[in-house]
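Only the coordinates and a few stated rules stand behind these numbers; no lab work does. Please read all numbers here as calculations on a predicted model, not as lab measurements. Note: ideal-geometry Cβ built from the backbone for every residue, glycine included; neighbour counts use all protein chains shown.
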Amino acid sequence: MRIEPFDLNGPDRRDGAKLVVEQLSKSFGSGASAVQALAPLDLSVRTSDFLCVVGPSGCGKTTLLNIVGGFERPTTGRALIDGRAIMKPGRERGVVFQQGALFNWMSVVENVAFGPRACGVPAEKARHDARGLLELVGLSGFADRYPYELSGGMQQRVGIARALANDPEILLMDEPFAALDQQTRELLQEEIRSIWRRTGKTILWITHSIEEALFLATHIVVMTARPGRVKASFRSHFSESTDPLIAATPEFTAAKREIVGLLRSEAQRAQSLEAAV
Amino acid sequence: MAHSKALEQIGGLDEATLERRADRRDRWLTAVTFLVLFGIWVGLTGSGLWEPFIKPLFLPSPVAVFEAFQRLLADGYQGRSLAHHVGISFYRFATAFSFCILIGVPLGLLLGMSRPIRAVIEPPIQAIRPVPKLALLPLFLIWFGIGNLSKIVVIAAPVFPIIVISAMQAVRSVSQKKIQAAQALGASTLTVFRRVVLPASLPGIFTGIRVALSIGVTMLVGAELTATSEGIAWMALTAAEYLSTDIVLVGVLIMAIMGYTLDRIVRALEAHLVHWSGKD
Ligand SMILES: Nc1ncnc2c1ncn2[C@@H]1O[C@H](COP(=O)(O)OP(=O)(O)OP(=O)(O)O)[C@@H](O)[C@H]1O
Ligand SMILES: [Mg+2]
C-alpha cells in the first residue's frame, strides 16, 4: 500500500503548520431554512504539503476553500495562516478558480502582472517577471493575446501563472482542471507537480478525481457528506514516484479502491439526505 | 466531381477570407433591401414618369422630396436656415445626452457599488421610470420656461434613468469570482474598482447608452412639439399642419439619419473599447 492512514491533527503537526483549520463550521441562512455546509472540521497543513480534499458533491469543499481564501467568514472556529487568523483575502494565499476568473479586458501578460502591480511592483518589472512565469507554464507565445482567445487548458495555465506571480506561501485551488478534457488534464497535472517540486509551495487542492488526488497529493482528506467533516485522512506516496504510468500499478488501483469505497458510502448517505429534504 | 471541387476550394481558403466574403455578401443583401424599398417608393409615386398610385399629399415622390430639400437648403424654413434647425435640435439632444452620460454613468457605478446609497437613490429613480415623460412636458414648461432648458430636460428625463440603471446593473452583475481573484492578488478596493469592476461593467454601460440613444432621438420630437419655433422636429410638425408632406419627409429623413449615425458612432466606439464584450 502506498497510502496509509494518517492523522492530520497530530500534536507534532499543528505547531509551526502553515495552515491550521480549527473546529471550523459554516452555516448558510438562519432559522428553519439554515443549511449547515461544514461541520466542525480540523486540518493542519505544513509547508510544502500538497493536500488534496475529496468528498461528495455539496459537502462543503468550496465553502472550506472560500473561508481559507478569506472570501467568507466561518460560523464557528477559525482558520489560521502561520498562526494568524484569516480575516480577508491576502496576497500570501494565491487562488486558482475552476474557470472564468481571468480578466478578459487585459492581455495574458497583464493578467499575470496584475498581482505584483497591485502590490506596488513597477509595471515594467511586473510585466518582465510575468513573461518569465508564462514561459514556466509554456505560454510564452501567447503573452499578448487576450484570455478569451485561449483554450480552456491554456486559460487555466494563465490562472496558475497569475497566482504564482505574487509568490504566495500557499496555493488554494478549487477543482482547477475539472472543466478540461482528460489529456489536457493529465498534462497539466504533470506540470503542476513539477512546479510544486521546484517551488516547494504549500498547496490546498480540491478535486472530484481520486486519480488526480493520488497522483498529486502528499496528503489526502476524504470528507463526509454535508455537513462536511473529515471522514478519513491519508499520507500518500504516489506523488514521489517519477513513473508516468504509476496509475497502472496494482498499488495505485488498491489505493483508489479504498478511497472509492469511502466515498461511495458517503455519496449514498448524501443522496438519502437530499431525498429527505 | 463538381461538388468535391467546390469543397476543395472552400478548404483552401482561410477563415478570414471566408468571413470577409460573408461580410461582403451581407452588405450587398442589405443594399438590395434598401434599393427595393426605394424602388417601391418610386413606383408608387410615379416620380413624374407615370401617374402616382398614391396622392402626393400622402406620399410625395423621391424627386419631390429632394426638391423640397434643395428649397430648404436655399431658402431655409420660416426665416431660419435648415442648418440652424438641425443645429438647434442637435444642440438640445447632445446637451441632454452628454449630461446624462457624465452624471448618470458615475451615479450608476456608485449605486452598483454601495448598498446604502442604492437604498436611498434607487427607489425614487425606479418610481419615476414608468411615468410617461412626455406627460411632464407642461410641468417642465412651467418650471424651466419655454427656452431650450425645458427641451433638454424632456429629452434627459427618460434617458437619465436608463443610463443610471444600466450602469448599476452592469456593476452588480460583475462576476464575484473576478472580484475575489483580484482581492486574492492583493488589490485594494480602489484597484479592484478601477481595473476590474469598471472594465467588466463597460459592455453593460454601452448597451444602456445605445438603448437610451434611440429613446433620446424619439424624445426630440416630443421636446419640439410646443413652445418653440425652431428645430428639425418642429419643422416637420408645423409642415404637417400645412400639409407640406415633402417637408415633413425631409425632416423625418434627417432625424432618421441623425439617429442612425449616432448609433453607428456608439457601436464603433463600443467595438473599439470593449473588445471583450460577450466573451465570458
Ligand atoms: N452562499 C450560499 N448560500 C446558501 N447555501 C450555500 C451557499 N454556498 C454553499 N451553500 C450550500 O452549502 C453546501 C456546500 O456547498 P459547497 O459549494 O461548499 O459544496 P462543494 O463540496 O464545493 O460541492 P461541489 O463538489 O459540487 O462543488 C451546499 O449544500 C450548498 O447548497
Ligand atoms: Mg465546489
What FRET efficiency, computed as 1/(1 + (r/R0)^6) with R0 = 45 Å and r the Cβ-Cβ distance, is obtained for B:F99 and A:R78, rounded to the nearest 0.05? 0.30
For peptide A:101-112, the mean count of other chain Cβ atoms within 10 Å per residue Cβ is 4
Each residue of the stretch B:143-157 in turn: what ³J(HN,Hα) in whole Hz from Karplus with 6.51, -1.76, 1.60 and θ = phi - 60°, glycine and Pro shown as x? 6, 10, x, 9, x, 5, 4, 5, 5, 4, 5, 4, 5, 5, 4
If amide H atoms are built 1.01 Å from N in the plane of the peptide, which residues on other chains or at least 5 residues away come under 5 Å of the amide H of B:G76? B:L82
Once you have the Cα-Cα distance between A:E240 and A:L273, take 0.36 nm times their residue separation minus that, and quote the gain in nm to one decimal. 8.1 nm
At 0.36 nm per residue, and after removing the present C-alpha to C-alpha distance, how many nm does the segment from B:R118 to B:R24 gain when stretched out fully? 29.1 nm
Taking square-rooted eigenvalues a ≥ b ≥ c of the alpha carbon gyration tensor, is chain B rounded, prolate or oblate, where a/c under 1.5 means rounded and, failing that, a/b exceeding b/c means prolate? oblate
Under 5 Å between amide H atoms, partner at least 5 residues away or on a different chain: which partners does A:A37 have, H built in plane at 1.01 Å? A:K26, A:S27, A:F28
B:T189 versus B:D14: modelled label distance in nm, points set 7 Å from Cα along the beta carbon direction: 4.9 nm
Determine, from the Cβ-Cβ distance of A:S57 and A:Q182 and an R0 of 25 Å, the FRET efficiency 1/(1 + (r/R0)^6), rounded to the nearest 0.05. 0.80
Test of understanding: in a Gaussian network model of chain B with alpha carbons linked when under 10 Å, which of B:G43, B:G112, B:G186 would top the mean-square fluctuation ranking? B:G186
Segments A:154-167, B:206-219 sorted - mean Cβ within 10 Å per residue, highest first: A:154-167, B:206-219
Can you list residues from other chains, or at least 5 along the same chain, whose modelled amide H is less than 5 Å from the amide H of A:M223? A:V54, A:G55, A:K231
Please rank B:H85, B:H272, fewest neighbouring Cβ atoms within 10 Å first, as an exposure proxy. B:H272, B:H85
Candidates B:M255, B:M168, B:M113: whichever shows maximal mean-square fluctuation once chain B is modelled as a Gaussian network with Cα springs under 10 Å: B:M113
For the pair A:R193/A:F28, report the inter-label distance in nm, with labels modelled 7 Å from Cα in the Cβ direction. 3.4 nm
Rounded to whole Hz, the Karplus (6.51, -1.76, 1.60) HN-Hα couplings of the stretch B:191-196, x for glycine and proline: 5, 4, 5, 5, 9, 10
Which of B:L18, B:L29, B:L198 moves most in a GNM of chain B, Cα contacts under 10 Å? B:L18
Can you work out ³J(HN,Hα) from phi for every residue in the stretch B:262-278, in order, using Karplus 6.51 cos²θ - 1.76 cosθ + 1.60 and θ = phi - 60°, giving whole Hz and x for Gly and Pro? 4, 4, 4, 4, 5, 4, 5, 4, 4, 4, 6, 8, 10, 4, 8, 4, x
In nm, spacing of pseudo-spin labels at A:R14 and B:S175 (7 Å Cα→C-beta vector): 3.9 nm
The local net charge around A:F114, scoring Lys/Arg +1 and Asp/Glu -1 for residues other than A:F114 whose Cβ lies under 9 Å from its Cβ, equals +2
May I ask you to derive the FRET efficiency for B:Q78 and B:I40 from their Cβ-Cβ distance with R0 = 25 Å, giving the value to the nearest 0.05? 0.20
